[in-house]
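Peer 1: Below are the structure tokens for one structure; questions will follow.
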Amino acid sequence: MSSSHVSPRLPDFRLERHFSRWEFTARHHLTASDAETLTVAELLDLGTDADREAFAALRLGYIETWGTAPLRAAIAGTYDACGPDDVLAFAGAEEALYWLMQLLAGPGDHVVVTAPNYQAVETLPLAAGADVTGVPLDPQDGWRLDVDAVRAALRPSTTAVCVDVPNNPTGALPDQETWRALVELCDEAGVRLVSDEVYRGIELDPARTLPQAADLSRTAVSVNVMSKAYGLPGLRIGWVACRDRALVEMLERHKHYTSICNSGPGEFLATVALRAREEVLARARRIVAENLPVFDAFFARHDDRFAWAPPDGGCVAFPRYLGADGVEAFCTELVETEGVLLLPASIYASEVAAVPADRFRIGIGRRNPEPALAAFESFLTHR
Ligand SMILES: Cc1ncc(COP(=O)(O)O)c(C=O)c1O
């Protein structure tokens, strides 16, 4: 049978489809969600002599499905209430989300997701036959998370509430009180909170860093990864932390059908990075802090075309495009003529909630954004 007879089992992951086309061909990647990365040598420099020797001597066999003991200990060290046994390593946050959604959302189940969101948490439950209710973050109010709207969306069949904090693409963070109210609501309702925390750790105001869901609740799942705040997506090392052992064990049994185990060098290097966590995160925070005035100034110069607000956390923002041509045409022309890659709002369209159609995602976590912004500016000037 020819390949034309193969039909998709899942709808397109819009963001990844767009990146497949543009991520490595556009001249300026101005929409990256990962903080500036490190080389292997720079990362190993953060370790000890013993780490460098052990890395060179690492045997390239299979490793534990759970993740190596040093990695799980290093991850557990980033939580207050979770120990190594509450941690399961995955190939990125993506594999973790995949299996969480497979286990938590099937026919007859109901899932609540905030929107805009990382598409996997909405598309996977829908594709699995679950009902999904979207709770929009309020664009008029700093993308506020409305806990009452989450409460109103709950049903007896609700198995999960999925949030990402800080949010992709808006960079929004709930305040501490709202966050605790959401965790309590889920606990009282007996609904599992799935909290994607991949942008945690680079809040400009450290007071806004939220406690991790798995520390606050015995059943909540914290999903995290080395990709974003740590700037190490090439390692492909993510994890779940959750004190409900039955769920974590079930996830481990399902992981045997996808990656089986992570890359050994990836887990080794992730362990080195997590041991130097404060330094790695401080570096990313510094880059964002240096970049912010540059982006503020850019958008101030073009306030007739854009409505800009910096993110509360993480390194992406979702400003508004005010032009009459619409943000889709604008982003297409920008990448095709000047090679500047942004993500137009359609990437974040939701099947279950209204998401503003006049926004675009921009990344502020990469070093030296000036050439990309100069190309962007030249486009605006000549248009
Ligand atoms: C909110 C969110 N969750 C999960 C992921 C997946 O992370 P990874 O690519 O490291 O698996 C991403 C990546 O863009 C993301 O933005």
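Peer 1: Which of (1) free of Cβ contacts under 8 Å to residues at least 24 places away in the same chain; (2) part of a loop (DSSP other than H, G, I, E, B) does Pro310 not meet, given it meets every other one?
Peer 2: (1)
Peer 1: Additional query: Can you report the number of residues in the stretch 175-219 which are more than 26 Å from Arg283 (Cβ to Cβ) and within 16 Å of the ligand (Cβ to nearest atom)?
Peer 2: Matching residues across the stretch 175-219 total 2.
Peer 1: Sticking with this structure for a sec: Determine if the stretch 111-121 includes at least one residue that is away from the ligand (no atom under 15 Å from the Cβ) and under 27 Å from Pro311 (Cα atoms).
Peer 2: Yes, because at least one residue in the stretch 111-121 is away from the ligand (no atom under 15 Å from the Cβ) and under 27 Å from Pro311 (Cα atoms).
Peer 1: Now for a separate question. What residue, among those in the stretch 34-65 that are open to solvent by less than 70 Å² (accessible area, probe 1.4 Å) and of a type in the set (D, E, K, R), is nearest to Ala284 (Cα to Cα)?
Peer 2: Glu36
Peer 1: Looking at Ala105, Ala127, Ala160, which one is over 25 Å from Asp312 (Cβ atoms) and in contact with a Leu (Cβ under 6 Å, 6 or more places away or on another chain)?
Peer 2: Ala127
Peer 1: Something else about it: Pick from the stretch 90-110 the residues that are within 12 Å of the ligand (Cβ to nearest atom) and in contact with a Lys or Arg (Cβ under 8 Å, 6 or more places away or on another chain): which of them is farthest from Gly238 (Cα to Cα)?
Peer 2: Glu95
Peer 1: Between Ala160, Ala172, which is among the small types (Gly, Ala, Ser), on the phi < 0 side of the Ramachandran plot, part of a strand (DSSP E or B) and within 16 Å of the ligand (Cβ to nearest atom)?
Peer 2: Ala160
Peer 1: So the check is Cβ under 8 Å with 6+ separation or different chains; which pairs have a first residue in the stretch 7-32 that's within 15 Å of the ligand (Cβ to nearest atom) and a second one that's of a type in the set (D, E, K, R)?
Peer 2: Taking only residues 6 or more apart or on different chains, the pairs are His29/Glu23; His29/Arg366; Thr31/Arg361; Ala32/Arg366.
Peer 1: Between residues in the stretch 210-237 that are among the acidic types (Asp, Glu) and residues that are open to solvent by less than 20 Å² (accessible area, probe 1.4 Å) and more than 8 Å from the ligand (Cβ to nearest atom), which pairs lie under 7 Å by C-beta distance while being six or more apart or on different chains?
Peer 2: That search, which allows pairs on different chains as well, returns Asp215/Tyr79; Asp215/Cys82.
The values are calculated or read from the model by the stated rules, or taken from the named source; none is laboratory data. Small disclaimer: the values here were computed from a predicted structure and weren't measured. Quick reminder, even Gly has a Cβ in these numbers, built from the backbone with ideal geometry, and neighbours come from all protein chains shown. Please note that ligands, DNA and RNA were not included when accessible areas were found on the heavy atoms of the full protein model with its side chains. Shrake-Rupley method; radii C 1.70, N 1.55, O 1.52, S 1.80 Å.
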